[in-house]
1. Might you check whether a residue that is touching a residue at least 12 places away in the same chain (Cβ under 8 Å), closer than 19 Å to Ala238 by Cα and assigned to a loop (DSSP other than H, G, I, E, B) occurs anywhere in the stretch 157-176?
2. Go through the stretch 354-367 and give me each residue that's touching a strand residue (DSSP E or B) at 6+ places or on another chain (Cβ under 8 Å) and either at pLDDT 95 or above or surrounded by fewer than 19 Cβ atoms within 10 Å (Cβ to Cβ) (or both).
3. Scan the stretch 217-227 and give yes if some residue there is of a type in the set (Asp, Glu) and in contact with a helix residue (DSSP H, G or I) (Cβ under 8 Å, 6 or more places away or on another chain), otherwise no.
4. Report, by residue number, each residue of the stretch 408-426 that is modelled with pLDDT of 95 or more, of a type outside the set (A, V, I, L, M, F, W, C) and outside any loop (DSSP other than H, G, I, E, B).
5. Taking the stretch 467-508, which residues are farther than 20 Å from Asn524 by Cβ, among the charged types (D, E, K, R) and open to solvent by 20 Å² or more (accessible area, probe 1.4 Å)?
6. Any idea how many residues of the stretch 164-199 are open to solvent by 60 Å² or more (accessible area, probe 1.4 Å) and of a type outside the set (Asp, Glu)?
7. For the stretch 144-160, which positions are more than 24 Å from Gly310 (Cβ to Cβ) and either in contact with a Leu (Cβ under 6 Å, 6 or more places away or on another chain) or open to solvent by less than 10 Å² (accessible area, probe 1.4 Å) (or both)?
8. Is it the case that Gly147 is part of a loop (DSSP other than H, G, I, E, B), at positive phi, touching a residue at least 24 places away in the same chain (Cβ under 8 Å) and within 21 Å of the chain's Cα centre (by Cα)?
Amino acid sequence: MNKIKQYQHEVLFKNFTSLKFLLFVIFLLFCFSPLENFTTNAMASLRLGPVEAVESEVDDLEEAAEEHWQKIYYDNNCNYNPEPEDCAEEAGIPSHVIDHWFDDSETREEMNLEADYYISLLYDTQPLLDRGDGVYGGTVKFADFSGSDTDDLALSGIDADKNYRLSLHKNRNGGFNSTPDTEPLDGEGDGLEQSSLIFADFSGDSDLDMAVAGRDSNQDERMMILENQSGFAYDASAEKPLKNNDDGTGVWDAALAAGDMTGNGVPNLVVSGRDVNDSPQLIIYHKDKYSDTYATHWQPMADTGGGLWGGDLALGNFTSRYEDLSSVGYQDLVAAGRTGQPGDGQPKLNLYDTRRSDSPAELDSPFEEGLWFSALDLADFTGNHRLDLAAAGLDNNNQPRLLLFENIGDGNFILHDEPMVDDGGGLSGADLELGDLTGNGYPDLVAAGRDANYDPRLIVFVNEGNGDFKKYSEPLADNPELDAEGLWSASVSLGDYTGDGRLDLAATGSITYAHYSDHYYHLNLEPRLFLFKNPVR
């Protein structure tokens, strides 16, 4: 007889005076209820005291909870349900297991079931409401550039007062001051528009350096690496200005990426955008390991249009299994954007294999229509141990798209899903990022931009475990107090600024959409910066 039945009999003997009556009750239960139900729902109905009172039952409940774990969180997709108790009940989990599991937080913690498989994106703050409100045409980025072991915040772009911004904000106990801790370009054009910024250790001292590209308020194209001086001091006078090399000027309508493509242990810098002559560029820079010299390593489109602008870049070892340590040093390249000058050219989505470092090869594109005003990210969202691809932007018919491509091996991608095909079509003026918001080991997706109806959107999609994404929420549209439906000319970043081990969200862009023609934006843009925390329950 198992422990739960022993406990039932002990309780019944104490509360009923007649053994015959007890045997009669048990006989009826066995006659009219399957044995499985007797150990679950029937047992629950007979309990006369809290389950925590008897240690043997607690042990059995832990076993029952573990037994039902798969059923709750995978078979019934409770990993994206904001109320997992309700989902468990709908799945037919016995009520006594639910009570024990969800009401007794101490036991739940001991069982290592403490709130892993859910999202609780809660609006936190708009840290720049009294200082430009936010930015559009730029980038927001979480990164621990101050060395505090929590994510700091950096952003570039144009604020509500039409100021060009490049500002860095230290994390202060899970929050940020509206006044920047440093503005590296203050007095040199103040900031950058149509810009990109990334962090990487280019100098090899374990501090995060910053690469930036864009157009400053003096209408000069910039492209530079600012080294982190002693933990948190980005001095523009100490920049490594790539425009002083023999590689041309800086770029705007820019995108940046960094990763070790040459296997020397130092990140390469990949740059795309328009130069001073509005000519598109796509350049991979190489830094010698033992000097501060940057030189052009490769220009993938030198013979096919020169480069791309108004797009995005992503690096990752997608030509082989990314967990293969023998090829971990190689970072393949995805590049999206438009060729030619404004009014000319066409959108592209190009893939490059860098395993042959002396002669990188262009691969077949998974999407010949191309994408511009676009965003890219790589992650294994199908669970096949290969890096898959998420992409958004305008195709060659000027239709916004949101596309998920599965990597089927050796850098070959096939279309896996279009999660917005019946909900606005897709996104342009977009940004997106893959990251595990639920804590279940599968990358989820955050995407922002304007859809085919010209509505700004900010959408969180949850990965159901097989690379199929279901819309979980629209954090702005779902909160009427924020007076915003979504974001255009957007940037999003996932990082842990609250320090609880879970991914939080920063999102910036304009809550209104601007029409672009004759090299000018029409309509009054309203940039905002929103922070959403994803706390442990």
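The values are calculated or read from the model by the stated rules, or taken from the named source; none is laboratory data. Since the structure is predicted, the reported quantities are computational estimates derived from the model, not experimental observations. Here Cβ is always computed from backbone atoms with ideal geometry, including for glycine, and neighbour counts include all displayed protein chains. For accessibility, only protein heavy atoms count, side chains too; no ligands or nucleic acids. Shrake-Rupley method; radii C 1.70, N 1.55, O 1.52, S 1.80 Å.
1. For the stretch 157-176, residues touching a residue at least 12 places away in the same chain (Cβ under 8 Å), closer than 19 Å to Ala238 by Cα and assigned to a loop (DSSP other than H, G, I, E, B): absent.
2. Arg355, Ala361, Glu362, Asp364, Ser365, Pro366, Phe367
3. Yes; the residues of the stretch 217-227 include at least one that is of a type in the set (Asp, Glu) and in contact with a helix residue (DSSP H, G or I) (Cβ under 8 Å, 6 or more places away or on another chain).
4. The answer is His416, Asp417.
5. The answer is Asp468, Lys470, Lys471, Glu474, Asp478, Glu481, Asp496, Asp500, Arg502.
6. The qualifying residues number 6.
7. Those that are more than 24 Å from Gly310 (Cβ to Cβ) and either in contact with a Leu (Cβ under 6 Å, 6 or more places away or on another chain) or open to solvent by less than 10 Å² (accessible area, probe 1.4 Å) (or both): Phe145, Asp152, Leu153.
8. Taking the combined requirement at face value, the residue does not satisfy it.
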